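Structure first, commentary second.
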Amino acid sequence: MTRRTTALPTGLAALALCLALAGCGGQDDDDAATDPASSQSPSETPSETPSQPEEQETEMPGNDGAGGAAQDAAIADLAQRLGVAPEEVTVTSSEAVTWRDGSLGCSEPGMMYTQALVEGTRIVLESGGTSYEYHAGGNRAPFLCEKPTQ
């Protein structure tokens with residue numbers, strides 16, 4: 001009994017597909033001639049100015065810089081909880097942090113959290129002589145963290 005293999009036609013089909021796909025990603029010579037950016041040598045390409053890292057650290061998700069939407073949300077939440085005017089709540093500190101996991105520095109016993117670093121913000125507010133800590137990060141809005149773990 002003779003056994004036939006189909007590896008050769010299948011292999012040729014795979015090779016033909018690879019060649020066809022490889023031809024799709026390149027830029028035509030005509031396009032390169034009309035594209036001024038592609039005709040410049042690396043030394044002619046304008047260099048970009050590096051961003052200021054200290055500004056990047058202060059503008060993390062949940063903290064949009066001057067005042068910050070996260071701070072405003074935290075102040076509004078605390079004022080509502082305490083039954084006071086937002087003007088009676090002051091920001092003691094606000095800092096960009098990298099949380100160790102999805103608990104955002106406020107883990108609770110028995111809960112499971114994603115095990116990944118999360119960029120976020122820690123906001124400490126004060127009202128009536130008492131401090132309150134709010135945490136934010138990822139897509140989560142600032143929330144009151146009554147027992148911070150980080």
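Please tell me if Glu133 is surrounded by 13 or more Cβ atoms within 10 Å (Cβ to Cβ) and without any contact (Cβ under 8 Å) to a residue 24 or more places away in the chain. So Glu133 fits the description; yes. Only one entry in Val124, Val91 is farther than 16 Å from Pro148 by Cα, of a type in the set (Val, Ile, Thr) and free of Cβ contacts under 8 Å to residues at least 60 places away in the same chain, namely Val91.
None of Gln40, Gln52, Gln56, Gln80 is surrounded by fewer than 17 Cβ atoms within 10 Å (Cβ to Cβ) and at pLDDT 95 or above except Gln80.
The values are calculated or read from the model by the stated rules, or taken from the named source; none is laboratory data. Just so it is clear, the structure is predicted and the values come from calculations on it, not from any experiment. Cβ coordinates were reconstructed from backbone atoms using ideal geometry, including for glycine residues, and neighbour counts include every protein chain displayed.
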